[in-house]
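The values are calculated or read from the model by the stated rules, or taken from the named source; none is laboratory data. Not measured: the values here are computed from a predicted model. Cβ placement follows ideal geometry from the backbone for every residue including glycine, while neighbour counts extend to all protein chains displayed. Calculation scope for accessible area: heavy atoms of the full protein, side chains included, ligands and nucleic acids excluded. Shrake-Rupley method; radii C 1.70, N 1.55, O 1.52, S 1.80 Å.
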Amino acid sequence: MPETEHDLSTMTWEDAGDALLTADAVVVPTGSTEQHSVHLPLSTDSLRADHLSAELVETAPDHGLDLLRAPTLPYGYSEHHMPFPGTVTLSQDTYKSALIDIGASLAEHGAERVLFLNCHGGNKEALSLATDRLNRDHDVAAHFVHWTDFGREQLQEHFGEGWGHAGDHETSFVELVREDLVKSEKKEPQEAKDLPETRSWTYFSDVTELGGMGDPTNSDPEFMQTVVADTTDRILEALTSDIENGW
């Protein structure tokens with residue numbers, strides 16, 4: 001995990017106590033431990049959460065913000081990937097409760113605001129419910145950002161359709177930050193069924209045999225570096241606007 005001078009994990013409790021009282025927000029990165037086809041590691045979403053949260057807190061001063069960073073939560077809701085070995089999932093209720101407990105703990109130590117920076121789509125529902133409960137039941141402002149939502153238009157323009165799980169986008173990112181973890185010889189277009197329109201699908205293995213979507217052979221880590229910088233700025237602009245508007 002990349003370290004920054006804004007990391008709670010490397011502070012003493014005295015230093016953390018002071019920092020929590022003055023920071024604009026504590027960023028809690030959320031990832032997963034789950035299959036990402038045959039060419040990417042199980043840690044793909046958590047790698048993204050580690051590096052993208054570091055980028056966020058280090059760029060924050062350029063936007064007039066002082067952000068702290070909590071350790072990445074490497075487990076999420078990944079039940080739909082369980083047919084693939086190595087996947088570890090929490091139940092929706094367990095995951096939601098853990099998120100609430102993390103936010104409440106930070107609030108008890110004086111954090112004014114918590115920002116969950118999410119890098120796994122399966123976490124979104126629990127995160128939405130958890131931030132709702134934190135905002136209602138605890139003395140803290142809870143914000144939730146799904147990173148890809150802020151980069152979607154730029155990614156869509158470059159990669160077209162179907163660049164999601166273990167595809168063009170995520171392969172580009174892992175090649176950017178941990179190229180040694182990518183099995184390049186196993187990169188191939190991912191064949192996936194059309195998703196149903198009137199019901200949810202049950203397991204990812206029902207959608208795709210290899211476990212991915214899109215075409216990882218279209219990966220472009222240099223472009224991804226630009227997307228990371230642009231998306232980081234978009235997220236910080238949105239957060240700044242929300243804070244200025246009293247949220």
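Tabulated results
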| quantity | calculated |
| --- | --- |
| Centre separation in Å (Cα based) which lies between region 36-115 and region 133-147 | 14 Å |
| Angle in degrees between helix 92-108 and the longest Cα principal axis of the chain, rounded to the nearest 10 | 30 degrees |
| Cα→Cβ-extended label distance, 7 Å offset, between residue 222 and residue 58, nm | 2.1 nm |
| Largest-first ordering by accessible area, 1.4 Å probe, given options 147, 13 | 13, 147 |
| Estimated D of region 80-158 in µm² per second, where Rh is the Kirkwood radius over Cα pairs and Stokes-Einstein applies at 20 °C, 1.002 mPa s | 155 µm²/s |
| Two-site FRET efficiency, residue 178 against residue 11, from Cβ-Cβ distance with R₀ of 30 Å, rounded to 0.05 | 0.70 |
| Accessible area per residue in Å² at 1.4 Å probe, computed on the chain | 48 Å² |
| Gyration tensor verdict on region 127-247 (Cα atoms; rounded if a/c is under 1.5, prolate if a/b is larger than b/c, oblate otherwise) | oblate |
| Probe 1.4 Å - accessible area at residue 213, Å² to nearest ten | 50 Å² |
| Accessible-area composition of region 88-247, carbon plus sulfur, in percent [1.4 Å probe] | 44 percent |
| Solvent-accessible area of residue 230 with every protein chain in place, 1.4 Å probe, in Å² to the nearest 10 | 60 Å² |
| Rg(Cα) / (2.2 N^0.38 Å) computed for the chain, rounded to two decimals | 1.01 |
| Beta bridge orientation in the chain: antiparallel %, DSSP, nearest 5 | 15 percent |
| Residues in region 140-163 that a label on residue 194 would reach, taking backbone N under 12 Å of a point 7 Å out along Cα→Cβ | none |
| Principal-axis tilt of helix 147-159 within the chain, Cα atoms, nearest 10 degrees | 40 degrees |
| Cα long-axis angle, helix 124-137 against the chain (0 to 90 degrees, to the nearest 10) | 10 degrees |
| Cα-based shape type of region 1-69, given that a ≥ b ≥ c are square roots of the gyration tensor eigenvalues and the cut on a/c is 1.5 | prolate |
| In Hz, Karplus ³J(HN,Hα) per residue of region 74-88 (6.51, -1.76, 1.60; θ = phi - 60°; x = Gly, Pro) | x, 10, x, 8, 10, 4, 5, 9, 4, x, 9, x, x, 5, 10 |
| Positive dipole terminus of the chain, leading residue within 91, 245, 60 (C-beta point charges) | 91 |
| Carbon + sulfur, % of accessible area of region 1-85 - ligands and nucleic acids excluded, 1.4 Å | 52 percent |
| Relative contact order for the chain, counting Cα pairs under 8 Å that sit 6 or more residues apart, in percent | 22 percent |
| 235, 243, ranked by accessible area, largest first (probe 1.4 Å) | 243, 235 |
| Exposure of residue 109 as accessible area (Å², to 10), given a probe of 1.4 Å and all protein chains | 120 Å² |
